[in-house]
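Take a look at the structure set out below.
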Amino acid sequence: MTVFAAFDHDEIIDYLKKQVKDGKVFTDEDTLKKHSFSPNVTSEQSGLASAFIEAHSTEDVKGVLKAARKFHIPVITQDQFTSTVVGADGITNSFIISTAKMNKIKEISKADSVAVVEPGVINGDLDKEARKQGMFYAPDPGSRPMSGIGGNAATNAGGMSTVKYGATRDNVLGLKVVLADGRELKLGGRTLKQTFSYDLTHLFVGSEGTLGIITEITVKLMPIPLGTPLMGIAFFEDMGTLAKAVADIRISGVYPTMLEALDAKTIAAIDKLDGTNYSANGGSMLIFQTGCQHKSSRRFVK
Ligand SMILES: Cc1cc2nc3c(=O)[nH]c(=O)nc-3n(C[C@H](O)[C@H](O)[C@H](O)COP(=O)(O)OP(=O)(O)OC[C@H]3O[C@@H](n4cnc5c(N)ncnc54)[C@H](O)[C@@H]3O)c2cc1C
């Protein structure tokens with residue numbers, strides 16, 4: 001005999017609230033609207049969630065998933081909600097679980113050149129803290145001042161320095177994740193050399209919250225290079241000539257630490273926004289940074 005159970009909205013929310021011991025559960029319309037629909041993009045796929053949960057601990061994450069399992073509620077994970085591809089938007093009657101307030105830098109180890117962070121740590125804040133100790137965090141999406149390391153890991157975010165240091169995937173060494181069934185997994189570690197077994201860590205990187213909820217990330221930190229980097233912009237006739245120049249630069253022995261190519265439409269948009277006149281210089285623009293100049297490195301030469 002099949003037994004059907006029906007629960008009303010209040011019963012579900014009451015149960016959910018009991019599972020969230022450290023964080024907060026919001027069901028007011030303003031909060032739900034704010035977190036269900038991205039300000040960066042509009043999509044018909046998005047819908048109003050029934051609860052927004054601000055998780056403060058891994059136990060909260062497990063609790064939300066327990067409630068979701070019990071009532072068969074879809075779960076969307078959200079970090080700082082800067083996504084431009086609706087991956088963090090709500091769907092109708094879902095739970096949105098936010099890891100934005102799980103934002104502690106747990107450790108910065110100079111000796112091991114790693115940082116261990118909670119997902120809500122802002123990319124730029126981690127970089128700033130690392131720099132106080134002579135290191136830096138390389139992945140630099142344009143959203144660096146406002147996106148979280150958890151969101152960066154879930155989207156494999158990259159930026160201008162990807163050409164030299166790789167995207168987020170290349171800088172994640174280990175993860176803690178909670179699966180939909182509530183199990184917590186510890187993946188990878190804190191060493192550069194991780195040579196055996198399946199690379200589940202990097203399966204989760206870029207998985208946009210579809211495989212589990214990231215609750216801790218161990219990332220590489222790099223030593224700040226000596227000297228002063230050279231940064232500039234160069235203009236080309238079109239994207240074709242720019243691409244040829246980039247290929248030449250990359251095999252020239254000058255190792256760029258940043259490259260970003262902008263086409264004519266993007267340059268025109270910048271001109272319109274900032275009142276510049278870059279378009280007058282050519283149909284494409286390359287922002288570049290090369291490694292450090294030798295002059296400052298001389299402090300080590302006696
Ligand atoms: C001005 C601006 C510039 C940008 N520039 C870049 C850029 O240069 N490069 C780039 O790659 N992107 C860029 N983006 C897009 C966006 O910032 C990145 O995708 C960023 O990594 C998202 O981080 P977030 O903390 O905002 O995550 P959210 O937007 O909250 O979530 C993004 C995705 O990750 C999932 N997710 C979030 N947290 C977790 C978690 N704890 N566990 C599992 N899954 C999770 C979500 O479900 C969603 O699918 C930009 C966005 C803006 C607004």
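The values are calculated or read from the model by the stated rules, or taken from the named source; none is laboratory data. Keep in mind that this is a model prediction, so the values were computed, not measured. FYI the Cβ positions are ideal-geometry reconstructions off the backbone, even for glycines, and counts take in every protein chain you see. The accessibility values were calculated without ligands, DNA or RNA, using every heavy atom of the protein model including side chains. Shrake-Rupley method; radii C 1.70, N 1.55, O 1.52, S 1.80 Å.
Look at segment 104-126: where a residue is closer than 14 Å to THR191 by Cα and a partner is buried (at least 19 other Cβ atoms within 10 Å of the Cβ) and among the polar types (S, T, N, Q), sitting 6+ places away or on another chain with Cβ atoms under 7 Å, you get VAL114/THR218; VAL116/THR218. Scoring LEU242 on the criteria (1) in a strand (DSSP E or B); (2) over 16 Å from the mean Cα position of the chain (by Cα) leaves a single failure, condition (1). Take the conditions of a type in the set (Lys, Arg), away from the ligand (no atom under 13 Å from the Cβ) and without any contact (Cβ under 8 Å) to a residue 12 or more places away in the chain and apply them to LYS193. Does it pass? Yes: the conditions hold for LYS193.
Of the residues making up segment 74-107, those that are near the ligand (Cβ under 6 Å from one of its atoms), of a type outside the set (A, V, I, L, M) and open to solvent by less than 60 Å² (accessible area, probe 1.4 Å) number 9. Can we say LEU230 is touching a Lys or Arg at 6+ places or on another chain (Cβ under 9 Å), open to solvent by 50 Å² or more (accessible area, probe 1.4 Å) and not polar (S, T, N, Q)? It is false that LEU230 is touching a Lys or Arg at 6+ places or on another chain (Cβ under 9 Å), open to solvent by 50 Å² or more (accessible area, probe 1.4 Å) and not polar (S, T, N, Q). Taken together, GLY158, GLY142 contain a single residue that is under 18 Å from ILE214 (Cβ atoms) and at pLDDT 95 or above, which is GLY158. The set of residues from segment 253-276 being small (Gly, Ala, Ser) and surrounded by 11 or more Cβ atoms within 10 Å (Cβ to Cβ) comprises ALA261, ALA264, ALA268, ALA269. The combined condition, being outside any loop (DSSP other than H, G, I, E, B) and over 23 Å from the mean Cα position of the chain (by Cα), is not fulfilled by ALA6. For segment 129-158, the set of residues classified as more than 8 Å from the ligand (Cβ to nearest atom), surrounded by fewer than 24 Cβ atoms within 10 Å (Cβ to Cβ) and under 20 Å from GLY188 (Cα atoms) consists of ALA138 only.
Filtering segment 108-128 to residues that are under 16 Å from GLY150 (Cβ atoms) and open to solvent by 60 Å² or more (accessible area, probe 1.4 Å) leaves only ASP125.
Residues in segment 53-68 include at least one that is closer than 13 Å to GLY23 by Cα, under 18 Å from the mean Cα position of the chain (by Cα) and open to solvent by less than 10 Å² (accessible area, probe 1.4 Å).
In the set VAL163, VAL177, which member is buried (at least 22 other Cβ atoms within 10 Å of the Cβ) and not assigned by TED's automatic domain parsing to the domain that holds THR84? That would be VAL177, the only listed residue that is buried (at least 22 other Cβ atoms within 10 Å of the Cβ) and not assigned by TED's automatic domain parsing to the domain that holds THR84. Suppose we filter LEU203, LEU211, LEU259 for residues that are in a strand (DSSP E or B), within 16 Å of the ligand (Cβ to nearest atom) and closer than 29 Å to LEU173 by Cβ; which single one remains? After ruling out the rest, the residue left standing is LEU259. Annotation: of all residues in segment 243-282 being in contact (Cβ under 8 Å) with a residue 60 or more places away in the chain and not charged (D, E, K, R), the one that is farthest from PRO141 (Cα to Cα) is TYR255.
Condition test on ALA180, is it modelled with pLDDT of 95 or more, under 14 Å from the mean Cα position of the chain (by Cα) and closer than 26 Å to ILE96 by Cβ? Judged against the criteria, ALA180 is not a match.
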